[in-house]
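The next block holds one structure in the form of structure tokens; read it before the comments.
The values are calculated or read from the model by the stated rules, or taken from the named source; none is laboratory data. What you see is a predicted model; the values in this text were computed from it and never measured. Virtual Cβ from ideal backbone geometry, glycine too; neighbours counted across all protein chains shown.
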Amino acid sequence: MSIKMNNILVAKDLSRESSNVIRYALELGCKFHAQVHVLHVMPTVDSSVLNMVALTMGPDKLAEFNSINEAELAEKTRDQLHNIILQETELMEEETINPPKVEVHHGEPAPTILAVADRLDVDMIILGSHSKGKLHYAFLGSVAEKVLRKTHRAMTIVPPVSK
């Protein structure tokens, strides 16, 4: 049996560990001649906060403000991801055959990652793990764990680089 990978999805925030996780995905993509898709999910604002702001601004102004800011933030995020990809590609020994594709979405991270993985029919999902404390993990859980529990795809978790 041989392993074949055509599409790899790497979902990452813009933390310091992003570069390491993206480089891992790019190198794996090179080895398998796979298309790498880089995804960033911008979390949505809590509805109670939005309601409070809507009372002050008015719902129409809030909606207009949100659409302008979300588009601007998504564009800045795309630019940051392209810069990370460029830096990591320069550090790699192999040349990338397929330039990575970047997507930025708004929503809850785990369901969005799963939906994008299904839409792209990826062969592997790559996520980075955070070294957050046990208390944070106990109350909020982990995006990686939520994705792992619900996916039927191969998954790789890249730990943070130790210092």
### Message
Scan region 110-128 and tell me whether some residue there is surrounded by 14 or more Cβ atoms within 10 Å (Cβ to Cβ), at pLDDT below 90 and under 24 Å from Thr77 (Cβ atoms).
### Response
yes
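For region 13-33, indicate whether the set of residues that are at pLDDT 70 or above and of a type in the set (Asp, Glu) is non-empty.
Yes; the residues of region 13-33 include at least one that is at pLDDT 70 or above and of a type in the set (Asp, Glu).
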#### Entry: Some residue of region 132-144 being loosely packed, with under 14 Cβ neighbours inside 10 Å and at pLDDT 90 or above
no
### Message
When you check Asp60 against the structure, is it more than 23 Å from Leu120 (Cα to Cα), modelled with pLDDT of 75 or more and not in a loop (DSSP other than H, G, I, E, B), yes or no?
### Response
yes
### Message
As an exercise: evaluate Glu72 against (1) surrounded by fewer than 13 Cβ atoms within 10 Å (Cβ to Cβ); (2) at pLDDT below 80; (3) on the phi < 0 side of the Ramachandran plot and give the number of the one condition it does not meet.
### Response
(2)
